[in-house]
Amino acid sequence: MPYDIKDIALADAGQARILWADRDMPVLARIRERFEREKPLQDVRIGACMHVTTETANLMRVLVAGGAKVTLCASNPLSTQDDTAASLVRDYGVDVYAITGEDMNTYARHIEAVIATKPQIIMDDGADLDTALHTRHADMLPGIIGGTEETTTGVVRLAAMAADGALGYPVFNINDANTKHFFDNHYGTGQSTLDGIVRATNRLLAGRTIVVSGYGHCGSGLALRAKGMGMDVIVCEVDPLKALEAHMEGYRVMPAAEAARYADVWVTVTGNCKVVDAPAFENMKDGAIICNSGHFDSEINLVWLEENAVSKVELKPLVEEYTLADGRTIVVLAQGRLVNLACAEGHPASVMDMSFANQALAAEYLYQHASELEHQVYDVPAEIDDGVARVKLETLGVSIDTLTDEQIAYMNSWNF
């Protein structure tokens, strides 16, 4: 069978959830209507490695409406919604390779299943599919038109490949589109991360101290929402400008080893490795809860915990308690993976509406303009980004002013 999912019988529940998310994704719905008429991706093979969620499902529906043949695998072993995967296979003709909780061998096998379809356009979320193509299937690179990348982590990897002259096709940086990072990263991550923590722990957030490692778009949104929930917020940063911004917003800013003494809850959102490491663990309060909302499970040094804990107990699914030699306990959520997707449902559909609108339109642009592009990482064209924002406003019933000819002339003149 051209798919590997948990149970096709889950499709009814999955379709209901997909259509519920669709109600809050009007921009993507408009693109789907146009794609159904114009078929801009007719017979194009698209290989996607993304979180298999209801929001992703609605992006897949757009691509299929545009005439594409789509194969999808998971970009994280814990983020797949099995009912969504079943509905994509049964109802929308997408070949899906994703099972919640799949081991790393299965995860790798599923990526290979996507590669076996000889995709022409790559949609990636973390660059695992891109990396597999470049390291194990370099002979296929000439047949690839281009790709898109959704995450900060993936963009960093692809930019490094481009800098080394190793990137085999053009890639659009969806992550840094204004209608992505100003909304998906800032508003989506803040809400969905706290949602994951509450669902996993059922702890009251008000009155507790949260440490946020990383004060980019994701971290600032998380800090804002945590503050709104009544939490005392501490920020850890390595960038002096971002640290200063956090300070000016009223948060305490300090090194991780010091922040560990205060943390009731700790969330990493940096995209780096060993952000919570030995110095922090050695100072951490008894009972501290730590988790990650960055793409990979590298931000919390779980190897150190495994080596230094005298016991490890699963208190409930995706909630594990490590006991150290001195008796202190540290609780890790979602095995250090994306807590907002492993323990909750990820970003709300309304913000993913804009992110995935960029994905669909970038794929169309790639197919139409591939011959004009070099093997580099490109920003999303301004006309796509601005167009998504305008349509979003329209769907929200919001009108804005337009510049008059006189104002345009004024803004473009120095002699007035």
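A few notes on this one:
- Where only DSSP H runs of four or more residues are counted, the chain gives -13000 deg cm²/dmol as its mean residue ellipticity at 222 nm, each run worth -39500 (n - 2.57).
- Sorted largest first by accessible area at a 1.4 angstrom probe radius, with every protein chain in place, the residues 273, 218, 291 fall in the order 273, 218, 291.
- Between the stretch 44-110 and the stretch 263-289, the C-alpha centres lie 32 angstrom from each other.
- Cα-projected label distance for residue 308 with residue 178, points at 7 Å along beta-carbon direction, nm: 4.5 nm
- The Rg/Rh ratio of the stretch 246-387, with both radii computed over alpha carbons and Rh defined as the Kirkwood radius, is 1.13.
- Taking 0.36 nm per residue of separation and subtracting the Cα-Cα distance, full extension of the segment from residue 37 to residue 1 would add 10.0 nm.
- Electrostatic tally near residue 41: other residues with Cβ closer than 11 Å to its Cβ, Lys and Arg +1, Asp and Glu -1, net 0.
- Taken over the C-alpha atoms, the stretch 190-266 has Rg and Dmax values of 11.6, 35 angstrom.
- Pairs of Cα atoms nearer than 8 Å and 6+ residues apart set the relative contact order; for the chain it is 16 percent.
- 19 Å tail of the calculated P(r), the stretch 44-132, as % of Cα pairs: 27 percent
- Ordered from highest to lowest accessible area with the whole protein assembly present and a 1.4 Å probe, 304, 266, 20, 414 read as 414, 20, 304, 266.
- Residues with amide H under 5 Å from that of residue 78, placed H, sequence gap 5 or more: 101
- Which of 6, 312, 392 is most accessible, then next, and so on - probe 1.4 Å: 6, 312, 392
- Cross-link partners for residue 69 among the lysines, with Cα-Cα distance under 19 Å and sequence neighbours closer than 8 places in the same chain left out: 39, 118.
- 10 Å beta-carbon shell around residue 113, net charge (K/R +1, D/E -1): -2
- Each of residue 374 and residue 285 was given a label point 7 Å from its Cα along the Cα-to-Cβ line. The distance between the two points is 5.2 nm.
- Options 366, 234, 215, ranked by Cα towards positive dipole end of the chain, top entry (Cβ charges): 234
- Hull-based mean projected area of the chain, where the convex hull spans the alpha carbons, in square nanometres: 23.0 nm²
- Under 9 Å, Cβ to Cβ, from residue 260 - net charge with Lys/Arg +1 and Asp/Glu -1: 0
The values are calculated or read from the model by the stated rules, or taken from the named source; none is laboratory data. Nothing here was measured: the structure is a model prediction, and the numbers come from that model. With ideal geometry, Cβ positions are generated from the backbone for all residues, glycine too; neighbour counts draw on all protein chains shown. All accessible areas refer to the heavy atoms of the entire protein, side chains included, with ligands and DNA or RNA removed. Shrake-Rupley method; radii C 1.70, N 1.55, O 1.52, S 1.80 Å.
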